[in-house]
Amino acid sequence: MSAESTPAARPRGKGRRRKPRDKRPKGMKVMAWTAAGIVVLGGTGMGYLYFKLNGNINSVDIDQALGTDRPEKVDNGSENILVLGSDTRSGSNKDLGGGTDDGTARSDTAMIVHVYEGHKKASVVSIPRDTLIERPDCTDTDGTKHPGAQSAMFNTAYATGGAACAVKTVEKLTDLRMDHYLEVDFAGFQKLIDELGGVEVTTTEDIKDPESHLDLKAGTHQLTGEQALGLVRTRHGVGDGSDLGRIQLQQAFVKALVQQVKEVGIFTNPKKLVDLADTATKTITTDSSLGSVNSLMSFANGMKGISPAGMQMVTMPVQYDPANPNRVLLQKKKADLVWEALKNDQPIPKTATEETATGEAKGVVSAP
């Protein structure tokens with residue numbers, strides 16, 4: 001009986017084993033192709049976004065233009081970034097600039113951002129555009145050489161030879177190497193603020209300046225991009241009407257902007273981050289080492305630990321020019337205290353900015 005039943009059982013056993021083997025590969029193939037499809041579609045989407053953002057970025061090879069005649073890079077974990085706001089009146093900036101399109105641009109705003117080791121604190125040193133300096137010989141990124149000049153306004157460096165000459169001038173002025181360069185123009189700044197959803201500030205007095213299209217009553221405001229641009233550009237609406245007063249407003253706005261970025265939580269909101277990245281990459285110019293999405297995102301991620309409380313904001317020590325109240329002169333001994341502190345990755349001493357020219361607009365604008 002066992003001899004008869006054994007042969008009968010084998011065919012049935014083989015049949016049962018064969019059936020799953022036929023179905024399993026089909027099922028696995030379907031799953032494999034489905035997974036592959038998701039990966040391919042997802043990868044294509046991310047790849048498209050990556051290449052789109054990369055294609056947006058405009059970068060300049062400052063290192064190539066400047067060569068080796070530069071301050072030595074300090075290897076202490078800190079970074080120096082030259083941030084410029086350009087006032088070109090061409091293209092989409094024409095209606096925002098309040099000036100004529102003469103084919104040139106100047107550095108309307110200039111800040112040295114020193115990020116300390118650990119990237120938890122930063123010092124921001126604003127350079128008044130009206131400072132009379134010795135502008136060095138420089139070569140722009142197209143290879144064109146430009147002669148230097150005595151008693152030239154600081155912002156003529158950018159107008160003369162663009163980003164490379166601006167960096168060269170700052171490095172000669174400070175003996176600090178600029179590790180990175182970031183530039184944004186009028187239209188780009190306005191778009192970035194609008195994409196962020198505005199920036200909240202509080203003003204202690206009315207600010208009205210027809211030239212910068214700004215009209216704010218005393219109180220708390222959620223500034224649109226246009227209003228924010230007017231605020232950082234106004235020099236006649238508050239204070240003594242000087243560029244120094246405008247700098248004080250700019251510094252207050254930067255702190256409010258940092259606070260707004262943290263409250264919006266762009267680093268934890270993927271859609272907001274992508275939207276802002278798309279706008280940012282279309283509107284900024286960087287040095288070539290930041291000229292990719294990966295580099296920019298890594299750079300931005302490294303800065304997210306800096307809060308408004310961790311930012312020291314100062315203006316390069318200057319005094320009013322006795323020969324021209326619309327110009328300022330460097331207070332070299334005090335300025336050297338600033339540069340030496342940054343070179344050694346130390347806080348800027350209070351003595352460096354005591355008894356220096358101010359714009360009488362401090363405290364007019366603050367983050368709520």
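The values are calculated or read from the model by the stated rules, or taken from the named source; none is laboratory data. Everything numeric in this text was worked out from a predicted model, so none of it was measured. Backbone-built Cβ (ideal geometry, glycine too); neighbour counts: all protein chains shown. The protein model used for the area step is the full one, side chains on, heavy atoms only, and it has no ligands, DNA or RNA in it. Shrake-Rupley method; radii C 1.70, N 1.55, O 1.52, S 1.80 Å.
Give the number of residues within region 167-213 that are without any contact (Cβ under 8 Å) to a residue 40 or more places away in the chain, in contact with a helix residue (DSSP H, G or I) (Cβ under 9 Å, 6 or more places away or on another chain) and open to solvent by 10 Å² or more (accessible area, probe 1.4 Å).
The qualifying residues number 1.
In the set 61, 95, 101, which member is at pLDDT below 70, in contact with a helix residue (DSSP H, G or I) (Cβ under 6 Å, 6 or more places away or on another chain) and open to solvent by 30 Å² or more (accessible area, probe 1.4 Å)? Break it down stepwise before answering.
Working: 61 fails: at pLDDT below 70; 95 fails: in contact with a helix residue (DSSP H, G or I) (Cβ under 6 Å, 6 or more places away or on another chain).
Answer to the selection: 101.
Would you say residue 162 is modelled with pLDDT under 95, touching an Asp or Glu at 6+ places or on another chain (Cβ under 6 Å) and more than 24 Å from residue 242 (Cβ to Cβ)?
yes
Enumerate the pairs (first residue in region 267-282 and more than 21 Å from residue 190 (Cβ to Cβ); second residue anywhere and buried (at least 16 other Cβ atoms within 10 Å of the Cβ) and modelled with pLDDT under 80) with beta-carbon separation below 9 Å, excluding pairs fewer than 6 apart on the same chain, so at least 6 apart or on different chains.
Hits for this filter: 267/273.
Given the residues 247, 266, which is the only one that is modelled with pLDDT under 85, open to solvent by less than 20 Å² (accessible area, probe 1.4 Å) and not acidic (Asp, Glu)?
Going through 247, 266 in turn, just one is modelled with pLDDT under 85, open to solvent by less than 20 Å² (accessible area, probe 1.4 Å) and not acidic (Asp, Glu): 266.
Among the residues of region 272-301, write down those that are closer than 18 Å to residue 51 by Cβ and among the aromatic types (Phe, Trp, Tyr).
none
Has region 323-330 got at least one residue that is among the aliphatic types (A, V, I, L, M), assigned to a loop (DSSP other than H, G, I, E, B) and open to solvent by less than 60 Å² (accessible area, probe 1.4 Å)? Before the answer, list the steps.
Narrowing region 323-330 to residues among the aliphatic types (A, V, I, L, M): 323, 328-330.
Still in the running and assigned to a loop (DSSP other than H, G, I, E, B): 323.
Now drop any that are not open to solvent by less than 60 Å² (accessible area, probe 1.4 Å), which leaves none.
Within region 323-330, none of the residues are among the aliphatic types (A, V, I, L, M), assigned to a loop (DSSP other than H, G, I, E, B) and open to solvent by less than 60 Å² (accessible area, probe 1.4 Å).
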